[in-house]
Each structure stands twice: as structure tokens, then as C-alpha cells.
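S.K.: One structure, pasted below without further comment.
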Amino acid sequence: MSLELNFTIRRAGQRGHANHGWLDSWHTFSFADYYDPKHMGFRSLRVINDDRIAGGGGFPSHPHRDMEIFSYLLAGRLAHKDSMGNSRVLMPGEIQLMRAGSGVLHSEFNPSATEPAHLLQIWIQPNQKGLKPSYTEWTPTQGQEHEPKTLVISSDGRDGSATIAQDASIYLLKLQPGIQNTHQLLDGRGLWLHIAKGALTLNGVLLEAGDAASLESTADLEITGAADDTEAILFDLK
């Protein structure tokens, strides 16, 4: 039975959009020149930018502070450098997490001259300011690449997840058609589900790439793949 009335659905085309040539970006929440007072964030979740960076394009060195920033690469490659001395090329399926804390500089570039890069850039507000900046990565272990549901970021680093300074559990979903997953949203918590690619149903409601659903009431959720190689990010937030 469809439970669509319990969810707030935000369709892909309702997001903010900016095309700078080298960067084609869709903004789930207000960001840069896109401002929507009804979509400033969700609980501690502040930014979900769906970015496609053309070959050779990228963000030159720029500052951040007091934000937990992570990138999930869907296709291509992404070269990261920061003022802490980290230098890394991210590959599809990998996550990099940077704690901006008291202040950090970083740059991100597509190292390929021809192949585009597709990534989600996500910002979460930390539970305290002025933390020491840090950098870490999450890479699937052998056999984990195709797990339907994997905890990738948490407040306590359980199950091999990367650690964030916020009461947030973030799951990577990888689903094939008909493959079902469940998630229990407990009292006092909120859920944001972003479809990165493919399609799935959430308690019978069809969501496609770029769509999102949010919920702020206790629920048992059924998530079922509805297209080949579907990927989604599930945020369970205090």
C-alpha cells in the first residue's frame, strides 16, 4: 500500500539548477545563487549538490569552516588537495570526508581531459564549532561493493563507517530491480532519502534519479529497487 501522504517528495526538476559550462549542478537546498526559503536544509543536512564536472574542470582552492563535507563519486574521477597536506584521486564508489572545523582550504578537479565526473557533494552541520580539521575516506571492502545497504558514515564509526561530528547515520543503498531493503525510523529522528541514479520505490512510491523523500515520524520503511544499478543515499538524522 502506498504511504505517499506520509512523505514529503521533492522531485528532481524542483531543485535549483546552475550550468557554468564546466560545471552542471543541481541543488537540493539553497546554495550560491539559488535561494528558496522553503528549502534551506533538513535538520543537520545543509547541502546536497548533484555535480557533473567536465573534463579538466574543477574548483580551485577555497576555504571552508565548521562543516562536515563529504563527496560520493558516481562516475569518473575526482582529484582532491587540501591545506592539511592530503592529495588523493577519488574513484567511483568511494567517499571522502573532510571536517572543515576551525578552517581549511581545499580544491577539487576532474583530472581527465575528456571524461566527465559525476558526484554528490554533501554538507552536514557539526554538533560543535571550532573542531580540528581532518580528512578521511570510506572505501568498500572486498565483497561490499554490491551490498544492498551499507552504513558509510556515523557518529561512532561502527561497522567500519567513517566518523562525523553529528548524530547522523548515513547509508549507501545499491539495489537491483526487485531487491528490497528495510529501514526503521525511530521516534525523534528524521529521514532524507536521495536517489543518486536509477529508481526505487519507498513504501510503494516511485522515486527516480534526483528525486528525494523526507519523513519526520516513526515508520517502518520498505525500499525496493526499480531499475538496474540503482544507488541512493539514506540519511537518518537527529
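S.K.: Under 8 Å between Cβ atoms, at least 6 apart or on separate chains: pull out the pairs that start in the stretch 114-126 with a residue that is under 22 Å from residue 211 (Cα atoms) and surrounded by 23 or more Cβ atoms within 10 Å (Cβ to Cβ) and end on any residue that is of a type in the set (Lys, Arg) and at pLDDT 95 or above.
M.R.: Pairs that qualify, where the first residue is under 22 Å from residue 211 (Cα atoms) and surrounded by 23 or more Cβ atoms within 10 Å (Cβ to Cβ) and the partner is of a type in the set (Lys, Arg) and at pLDDT 95 or above, are 117/52; 117/77; 124/46.
S.K.: Then there's this: Please give the number of the condition residue 180 fails out of (1) surrounded by fewer than 19 Cβ atoms within 10 Å (Cβ to Cβ); (2) more than 28 Å from residue 13 (Cα to Cα); (3) of a type in the set (S, T, N, Q).
M.R.: (2) is the only condition that residue 180 fails.
S.K.: Which residue pairs have Cβ atoms closer than 6 Å, lie 6 or more positions apart in sequence or on different chains, and pair a first residue in the stretch 43-70 that is surrounded by fewer than 16 Cβ atoms within 10 Å (Cβ to Cβ) with a second residue that is hydrophobic (A, V, I, L, M, F, W, C)?
M.R.: 55/113; 56/113; 61/105; 63/105; 65/100
S.K.: Here's a follow-up. Exactly one of these conditions fails for residue 159: (1) touching a Leu at 6+ places or on another chain (Cβ under 8 Å); (2) of a type in the set (Asp, Glu); (3) touching a residue at least 12 places away in the same chain (Cβ under 8 Å); (4) over 19 Å from residue 47 (Cβ atoms). Give me its number.
M.R.: Residue 159 satisfies every listed condition except (3).
S.K.: Right, something else. Report, by residue number, each residue of the stretch 91-144 that is within 22 Å of residue 168 (Cβ to Cβ) and hydroxyl-bearing (Ser, Thr, Tyr).
M.R.: Once the filter is applied, which keeps residues that are within 22 Å of residue 168 (Cβ to Cβ) and hydroxyl-bearing (Ser, Thr, Tyr), the stretch 91-144 yields 102, 134, 135, 136, 139, 141.
S.K.: Okay, moving on. Can you find a residue in the stretch 20-27 that is surrounded by fewer than 13 Cβ atoms within 10 Å (Cβ to Cβ) and not polar (S, T, N, Q)?
M.R.: Looking only at the stretch 20-27, we keep the residues that are surrounded by fewer than 13 Cβ atoms within 10 Å (Cβ to Cβ), and these are 20-21.
Next, only the ones that are not polar (S, T, N, Q) stay: 20-21.
Yes: the stretch 20-27 contains one or more residues that are surrounded by fewer than 13 Cβ atoms within 10 Å (Cβ to Cβ) and not polar (S, T, N, Q).
S.K.: List the residue pairs whose Cβ atoms are under 6 Å apart, where the first residue sits in the stretch 77-90 and is surrounded by fewer than 16 Cβ atoms within 10 Å (Cβ to Cβ) and part of a loop (DSSP other than H, G, I, E, B), the second is of a type in the set (Phe, Trp, Tyr) and at pLDDT 95 or above, and the two are 6 or more positions apart or on different chains.
M.R.: Between residues of the stretch 77-90 that are surrounded by fewer than 16 Cβ atoms within 10 Å (Cβ to Cβ) and part of a loop (DSSP other than H, G, I, E, B) and residues that are of a type in the set (Phe, Trp, Tyr) and at pLDDT 95 or above, the close pairs are 84/135.
The values are calculated or read from the model by the stated rules, or taken from the named source; none is laboratory data. Not measured: the values here are computed from a predicted model. Note that each Cβ is placed from the backbone with ideal geometry, even for glycine, and that neighbours are counted across all protein chains shown.
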